[in-house]
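A.B. asks: Pasting in a structure now, in structure tokens, and then I'll have a few things to ask.
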Amino acid sequence: MCPELFHIGDFAVRAYGLTLALSFLVGLSLIRREARHLGLDPEALVNLGFVLIIFGVLGGRLGYVLYHLSDFADRPLDVINPFQSGQFGIAGLNLQGGMIGGFLAGLIYLRLKSLPLAASLDAVVPAVGFGIFLSRIGCYLNGCCFGTSTEGPFGVHFPVSSPAHAIFGASAVHPTQLYSSAYGLLLFLGLMWVNRRWYRVGRSVGLFFVAEAAFRLLIEPLRYYEEAMWLQIAGVGITYNVLAGTLMFLIGLYFLLKGSPDRGKTAW
């Protein structure tokens, strides 16, 4: 755990913010490259990337705030205030909220620009996989998004100052951030391979959403969540992320079933 990597004067460069910024920069470059490979307009797809970043962050922040409304009851401006506790930045983003916000904004952008839906998203999703890989390393260094206690071989001990230590004490916990990072890297490499060796319009985006849903079901039992993230359905406790994962599975299934053998701009 190393939330602050270094200082520039009084300004602290934080691990999560840096990895998130790098994932955006590398992601835009990847989108441009995939757009050219799939015969799409690179500039239009890079602009789509900016839309996804902006509304992904907004959706991620909204998702976090909705799960923690009581924390902002007495200080509502902290929802958007980037200067808190003597630091710059807005702490608290929800990955599933970010994906939903970015996806909906992306649909609107593609419709307004009359760009092909599935082929455009095929060009984007490898970059999202890379973003998961890099940003989850930032989560590990930041000490957030940790797992439940474990006596297994992969358990890690976070320092006394960490949120994980505040919940589980000296017990080892699952490094779910690193599990997610490894998944993101495999997702990125797999989708890049699909775009080059096994391409069909809609296949990459469909596999992306199905993989996200499957991984969510696998990782959720190992992740620690505060009570605000849980709900009861027929006496069974599940997280809101499981519901989001179910929605993603249905979206992925739609793209896979509707996939076209054609490639390029003419595809849906």
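A.B. asks: Roughly how many Å² of Ser171 are accessible to a 1.4 Å probe, to the nearest 10?
C.D. replies: Number for this one is 60 Å².
A.B. asks: Can you give me the Cα centroid spacing of the range 194-219 and the range 8-52 in angstrom?
C.D. replies: The range 194-219 and the range 8-52 have Cα centres spaced 20 Å from each other.
A.B. asks: Please grab the % of Cα pairs in the range 125-251 that end up more than 23 Å from each other.
C.D. replies: That fraction is 39 percent.
The values are calculated or read from the model by the stated rules, or taken from the named source; none is laboratory data. Everything numeric here is computed off the predicted structure, so don't read it as measured data. The accessibility values were calculated without ligands, DNA or RNA, using every heavy atom of the protein model including side chains. Shrake-Rupley method; radii C 1.70, N 1.55, O 1.52, S 1.80 Å.
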